[in-house]
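A short write-up of the structure that comes next.
The values are calculated or read from the model by the stated rules, or taken from the named source; none is laboratory data. Bear in mind that the values here come from a model prediction, so they are computed numbers and not experimental data. Glycine gets a Cβ as well: all are built from the backbone with ideal geometry, and neighbour counts include every protein chain shown.
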Amino acid sequence: MRGFTIVISRSSDGDVDRRTFEDEVLEGLDGRADVLVVPSVYWMTDDDPGLLALRAVTDDIVYVSWLHARPAYWLLRARGVEGESADEVTCDCEGGETCPRTLRTFAFGAFDSSTACAETLLETVGEAPAARLRRFEHDVSPRWYPVVDYSVCAGCAQCHDFCLFGVYALDEWNRPLATDPDKCKPGCPACARICPEGAIMFPQYTADEGIAGAPGKRPENAPIDAAAFFAKSKEPCPVCGCACDCERSTDGTAPPGMTVCPACGCLCAQPGPCACKGQLTPHEETPGVPAEARPCCGKPRDDLDDLIDALDELDV
């Protein structure tokens, strides 16, 4: 029968209160369970000894960290620690049959006290035949990258098409893989905001619990800050194609008669995709777009627009 290993993923941000809480949990587990202590799994690199030790565990894993439980589970999977969510595995195996390996994830922050945390972990693993404590504790450098919940990912690839930094590649099922995580812009959660299924999480994001993967939460319905991500890149929005310096919604809503891009917040008077699609400057001629659809953001053409067009035709 497979046993359990309790994995303590320690805070690596220097927070004294968190370290004290972790130390108290470890005291409660001392001599009563098989325990592996590692630095922040989110921050460790692929060749980190702590991550290699975690990948080598063959027991069922009970994992506790300062991340919410859902992103913690998918983080483990992304970092090469395979296993099924304990909530989804039902098994009535008998004899020599082998059950799927399970990963059970807990958040330190969900407990009122370190004692309650330690007792819950011990109740989950049951009696340990041979208790031991292994420590891999060393400094790790901060990192920032997305974690994808593949149980809800629809394979729409909007995150892949949207990302300006080349973080994602697509697998054979059109699902996004963070193949270049360290290209991600620190603090940027933009792809999480445009995901229609709420599948993308940034576990350390503090401004939106939905983006951090908190239970029962979804990212707030607000477009990204277009000025921050498009103005410098000079690239059009990969969702609506707008590259104009146009009026943008900041709360995801549009005035009557206009539409709003869910990614960049561009407002447009035309139904469907932004009427500015393909333009590099406001009101520039767009092949295939009728003249009446050229004005962006619902700004009607006026005599000045006609005069400018007439001057362009004179080529003086």
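General observations
- The criterion of at least 2 residues that are over 15 Å from LEU103 (Cα atoms) is met, among strands (runs of 3 or more DSSP E) falling completely within region 1-81, by 34-38.
- Listed by position, the helices (runs of 4 or more DSSP H) contained in region 136-213 that have at least 3 residues being over 24 Å from ARG19 (Cβ atoms) are 158-162, 190-194.
- The requirement of being of a type outside the set (Lys, Arg), in the same structural domain as ASP15 (by TED's automatic domain parsing) and touching a residue at least 24 places away in the same chain (Cβ under 8 Å) is not satisfied by ALA154.
- Taking the criterion of being among the aliphatic types (A, V, I, L, M), buried (at least 19 other Cβ atoms within 10 Å of the Cβ) and closer than 22 Å to MET44 by Cα, the residues of region 161-191 that qualify are VAL167, ALA178.
- Residues that are of a type outside the set (S, T, N, Q), within 18 Å of PHE136 (Cα to Cα) and surrounded by fewer than 17 Cβ atoms within 10 Å (Cβ to Cβ) occur at least once in region 5-15.
- Restricting region 191-215 to residues that are of a type in the set (Gly, Ala, Ser) and touching a helix residue (DSSP H, G or I) at 6+ places or on another chain (Cβ under 6 Å), the residue that is modelled with the lowest pLDDT: ALA192
- Residues that are surrounded by fewer than 21 Cβ atoms within 10 Å (Cβ to Cβ), under 13 Å from the mean Cα position of the chain (by Cα) and farther than 20 Å from TYR168 by Cα within region 69-83 are absent altogether.
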